[in-house]
Amino acid sequence: MHEVIAEEWDRERVCSDWQRRWEVAFSSGFERTDNEVLTEAAAPEMVGSTAVVVVLSGCQIITSNCGDSRAVLCRGTETIPLTVDQKPDRQDELERIEGAGGRVINWNGARVFGVLAMSRAIGDRYLRPCIIPVPEITFTTRTDEDECLILASDGLWDVMTNEEVGEVARRLLRRRRRSLMVDEVSPAQVVADNLTEIAYGRNSSDNISIIVVDLKAKKKRQQRQQMKEKEKFGKIILFLASMKGFIEFIFESN
């Protein structure tokens, strides 16, 4: 998926509006991926997948999702959803499905024709045109308060709220950053592992895939390096000052 989107981005060089260029690149990339699943016989018509993709730049978080996987941003004390689950009973999705000749039936939750519990997906071609591989795209400007990004499948979100996930992530990240050693597991990995364990502990019955991106990791590493350089420089100055005093003592003694 990421390779396809990168290719589509390069293909849209003529577009002068950068936001529009990303929208086209994502839409084309998702469509291409969906077509490749069919043409390469990677999966039968009754198999599909959700997808959530994030492009991270120095100033923007660009998010694209298809289905009910989700991305959230921990910013300060807030947990901000960057995507909206595409569920069959979401009013705009319900109207689109019914307009395409489909039906939403409540069978252990709202499902397209009583089968699929999401309204968009890559694959699942047997439910076209009700199920489509068209992503929704959002643009979020980064700030200094941004802590981390969490991308996860519905196996996590079925048993934890955005706020619960954000609280766990903030607590673990801040604790691990303070005690991080060079050979330790990264704070982001610790958060992902911990959230997975919580989801299992709450008997989640769906796929649990989690990616955590520490948005302050690079800055923290740079700050630690600067502190080390300052400490090293301070020791050198102290040593030179001591030598100067020692040399002066020798000359005065003679």
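Bear in mind that the values in this text are calculations on the coordinates, not laboratory data. Worth saying up front: this structure is predicted, and the values here are computed from it rather than measured. All Cβ positions, glycine included, derive from the backbone under ideal geometry; neighbour counts span all protein chains shown.
May I have the extent of the alpha carbons of the stretch 1-103 along their three principal axes, as whole Å values ordered from largest to smallest?
Each principal axis gives a Cα extent; for the stretch 1-103 these are 42, 36, 24 Å.
For an R0 of 25 angstrom, estimate the FRET efficiency from the Cβ-Cβ distance between Glu7 and Arg128 and round to the nearest 0.05.
So, using R0 = 25 Å, E works out to roughly 0.55.
Using a Förster distance of 22 Å, how high is the FRET efficiency between Phe139 and Gln91, based on the Cβ-Cβ distance and rounded to 0.05?
0.40
So what's the net charge close to Ser119: Lys and Arg +1, Asp and Glu -1, counting the other residues with Cβ under 14 Å from its Cβ?
Overall, the nearby charge balance is -3.
Peptides 112-121, 189-198: what's the order by average Cβ count within 10 Å, highest mean first?
112-121, 189-198
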